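Have a look at the structure below before the remarks.
The values are calculated or read from the model by the stated rules, or taken from the named source; none is laboratory data. Computed from a predicted model, the values in this text were never measured in an experiment. Neighbour counts run over all protein chains shown; Cβ positions are idealised from the backbone, glycine included.
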Amino acid sequence: MTTTRAITRQDGPKKVTGAASYAADYNAPRQLYAVLVGAAVPAGRVTGFDLVDALAAPGVVCVLTASDMPVVHDDFAALPSPPLATRFLPMQSDIVHYAGQPVAMVLGETLEAAEGAAVNVGVSYERVPFVNPDTAVSVPPSPGSGYGILAELEFRKGNAHEALSGAPVRVDGTYTQPSRHGNPMEPSAIVAEWDDGVLTVHDSVQHVYAVQDTLAGAFGLPSDKVRVIATHTGGGFGTKAFIWPHEILGPMGAKTVGRPVKLVLSRADMYSIVGYQPLMEHRLSLGADENGQLQAIAHEVDNVTSVTDDYVEFGSAPSKSLYAAANISTSQRVRRGNVNLSSFMRSPIDGPGTWALGSAIDELAHALRMDPLTLRTVNYADHDPADGSPWSSKRLKEAYDQGARRFGWWDRPTGGTRDGHWLIGCGMADCTQGQFRFSSQAKVRLRADATARIEAGYTDIGAGSTTIFPQITAATLGLDISAVTGVSGDTKLPYAGPTYGSGTTLSMGTAVHNASRDVLRQLAEALSWPVDEVQAEAGQLKWQDESRPVHDIMRSADLEEIVGTGALELPGGAFADAGAPGFSSRTFGAMFVEVGVDPELGLLRLRRATGVYSVGAVVNERTARSQMIGGVVWGWGMAAMEASHFEPRLGRWLSQDLAGVPLPVNADIPPHIDISFVDEFDPHAGPLGAKGVGELSATGVAAAVANAVFDATGRRVRDLPITPDKLLDALL
């Protein structure tokens with residue numbers, strides 16, 4: 001299959017003109033507006049309510065508390081977590097585990113009425129001492145944690161500690177990063193309607209089928225009695241990957257009052273009800289011989305979690321995936337505190353892991369007096385370092401070479417130079433992201449007028465899927481992309497895997513490709529042509545010297561429509577896997593940056609960035625490049641600006657809105673970020689040969705920036721973000 005590699009976004013006009021419809025845009029007849037009342041204490045229990053003033057407000061219908069809400073069905077206990085984000089469901093008892101935990105729900109005829117009444121809901125508490133998660137004791141995760149079983153909590157290859165003790169060159173470092181909130185442009189929202197025992201919700205999510213199954217379990221319903229619709233999702237970043245309490249509380253409220261309920265989380269709610277990337281501490285030790293060959297890697301990680309569930313952020317993954325080393329040791333622990341549960345955020349696992357490992361490798365290079373890129377090539381892993389499996393595809397060496405050439409790495413001045421009063425430094429780091437495949441299905445309907453429609457239940461979170469899939473069908477059937485439309489985001493459509501884990505193009509793309517091929521097969525059979533020899537181009541089927549327009553073929557065969565079905569079916573009927581059996585599947589890349597540091601103010605500026613990536617085949621270079629540029633901006637925010645601070649005296653997030661959170665804007669980013677891809681096809685990824693790019697883009701950036709800061713200033717910063725206070729004490 002060939003595709004036009006620079007197709008513009010087909011959903012762009014709808015989104016920039018406001019025509020695209022999101023969950024909060026939907027309004028049900030007779031709906032009530034819900035506003036949550038969050039706990040004002042981080043730990044304790046609710047002892048009573050004063051609802052007089054709230055209920056007296058015009059337009060307020062009721063205030064629901066735990067005693068009013070339906071009891072969750074017994075099936076809830078058997079639901080897998082994830083995708084159920086947390087097993088703790090608020091408003092089922094009087095217990096309070098974190099500040100902002102929903103303790104009441106105000107329902108009003110208007111949003112203004114509900115919001116006004118919510119501030120007048122009086123709640124009394126019995127307080128108990130709370131645990132600050134940032135300083136909590138690090139402990140092994142619970143054996144029953146669903147997040148803990150996603151990977152190995154302890155990994156051993158060889159004897160890393162013995163090898164470290166005998167290594168001629170050794171570096172040890174502790175690298176930290178704060179909690180960070182994703183803040184998608186569209187806050188989470190749900191509209192719930194009950195009709196004769198059937199629940200329909202419009203939800204802002206990244207996987208409608210997981211919501212369907214979870215709501216079915218929570219209410220003891222067959223799954224076909226729950227319909228979930230998500231026409232568009234305005235950003236996810238992992239925040240909307242799993243099912244959070246508000247997605248159950250909204251339907252509970254609707255069931256209680258017998259009217260549809262619309263619940264749109266406020267920005268403050270987004271800090272206390274859905275997940276965030278947790279504060280993490282990495283302890284890394286590297287040992288090498290005098291030639292730079294790694295003899296041992298030891299990587300210990302702990303992350304903040306809640307007292308109700310153990311979320312595990314496997315930041316140690318890159319340390320057993322990037323470099324050839326005979327001895328590797330990794331471990332994962334958690335810090336439990338009175339805070340809402342942390343979760344996946346864009347580039348989970350490898351984003352945090354490459355920050356720590358990429359910084360430590362740079363430190364080792366300086367200890368060896370070796371160029372950081374040379375050190376990486378010395379330790380290049382031709383097979384998966386963890387188990388020796390062959391890579392499904394990997395062209396990282398080519399990415400190194402192209403990136404170094406495009407950036408001018410070998411010609412750069414080292415040790416810091418000046419541009420006026422700015423100190424200039426360059427740094428680089430590896431990028432990598434694990435890959436996932438998700439079971440997926442699709443239908444393609446070809447009409448007699450040579451237009452086609454794709455039907456699949458995937459969610460569009462703004463990453464380009466509504467362009468990629470019509471592009472695949474158009475290329476397979478020889479149609480112009482304008483002749484292909486799609487419907488998605490509805491559990492009544494063919495099952496689609498989730499839109500996370502960088503698996504959408506690989507998984508849904510394969511299903512769409514196979515469904516399109518099924519249509520092509522039926523067209524060829526209508527002519528008695530061998531499908532393997534047929535080509536589709538410019539609205540026609542061609543075989544040998546013959547050519548027939550698609551609409552003529554269908555008219556001659558008296559066909560109003562051809563329906564093709566396709567799927568990505570995983571071995572053993574699995575929901576998901578990490579790639580083709582017998583192979584390790586990852587994406588790779590190299591990030592080079594140049595920064596400027598103002599020695600008097602401690603200001604840090606990104607001057608230029610070059611990223612070159614090994615990602616398999618690139619289906620649409622325009623959308624892929626946009627993903628990578630956005631990821632570099634995301635990585636700069638991680639490196640230099642973003643942090644969510646837990647207030648240790650009040651026991652809550654200090655800033656619970658966008659006003660107190662520095663985020664990168666246009667003025668922070670240079671006008672051109674240089675992005676390119678090596679020529680690659682992964683034969684084990686599927687017929688497209690493509691892998692995921694969305695999360696890879698944000699890996700490696702923070703380490704490259706910190707390494708460039710060291711080059712500019714001689715100051716090694718191991719604690720993100722790199723704010724002026726961390727530079728001034730070394731520069732003045």
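Brief remarks follow.
- Hey, GLY589 in a strand (DSSP E or B) and not assigned by TED's automatic domain parsing to the domain that holds LYS691 or not: no
- On inspection, TYR209 does not qualify as surrounded by 19 or more Cβ atoms within 10 Å (Cβ to Cβ), closer than 30 Å to ALA296 by Cα and either out of contact with any Leu (no Cβ under 7 Å at 6 or more places or on another chain) or not small (Gly, Ala, Ser) (or both).
- Count of the stretch 685-732 residues, restricted to those that are crowded, with 22+ Cβ neighbours inside 10 Å and either assigned to a helix (DSSP H, G or I) or at positive phi (or both), is 17.
- Considering the stretch 266-378, the qualifying strands (runs of 3 or more DSSP E), each wholly inside and each with 1 or more residues that are farther than 30 Å from PRO90 by Cβ, of a type in the set (Asp, Glu) and at pLDDT 95 or above, run over 294-306.
- Note on the stretch 543-597: among residues that are touching a residue at least 40 places away in the same chain (Cβ under 8 Å) and among the hydroxyl-bearing types (Ser, Thr, Tyr), the one that is surrounded by the fewest Cβ atoms within 10 Å (Cβ to Cβ) is THR565.
- SER439 being among the small types (Gly, Ala, Ser), under 23 Å from the mean Cα position of the chain (by Cα) and either more than 26 Å from SER329 (Cα to Cα) or in the same structural domain as ALA590 (by TED's automatic domain parsing) (or both): yes
- Entry remark, the stretch 494-513: residues being aromatic (Phe, Trp, Tyr) and either surrounded by fewer than 24 Cβ atoms within 10 Å (Cβ to Cβ) or touching a Leu at 6+ places or on another chain (Cβ under 8 Å) (or both) number 1 in total.
- Test: TRP653 is touching a Lys or Arg at 6+ places or on another chain (Cβ under 7 Å), within 25 Å of ARG180 (Cβ to Cβ), at pLDDT 95 or above and aromatic (Phe, Trp, Tyr): no
- Among residues of the stretch 398-439, those that are surrounded by fewer than 17 Cβ atoms within 10 Å (Cβ to Cβ), small (Gly, Ala, Ser) and touching a residue at least 12 places away in the same chain (Cβ under 8 Å), counted: 1
- Answer from GLY238, GLY234, GLY275, GLY292 - the residue that is surrounded by fewer than 24 Cβ atoms within 10 Å (Cβ to Cβ) and within 20 Å of GLY434 (Cβ to Cβ): GLY238
- Counted residues, the stretch 610-623 - those being surrounded by 24 or more Cβ atoms within 10 Å (Cβ to Cβ), under 20 Å from SER507 (Cβ atoms) and among the small types (Gly, Ala, Ser): 2
Residues checked against (1) of a type outside the set (Asp, Glu); (2) closer than 24 Å to GLU186 by Cα:
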site	(1), (2)
GLY464	yes, yes
ASP490	no, yes
TYR500	yes, yes
TRP529	yes, no
GLU533	no, no
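- Complete set of residues in the stretch 382-397 that are buried (at least 17 other Cβ atoms within 10 Å of the Cβ) and either of a type in the set (D, E, K, R) or without any contact (Cβ under 8 Å) to a residue 12 or more places away in the chain (or both): ASP384, LYS394, ARG395
- Test: residue in the stretch 483-493 that is more than 20 Å from the chain's Cα centre (by Cα), outside the structural domain of GLN535 (by TED's automatic domain parsing) and crowded, with 20+ Cβ neighbours inside 10 Å: no
- In the stretch 508-567, counting only strands (runs of 3 or more DSSP E) that sit wholly within it, the ones holding 3 or more residues that are under 17 Å from GLN471 (Cα atoms) span 535-537.
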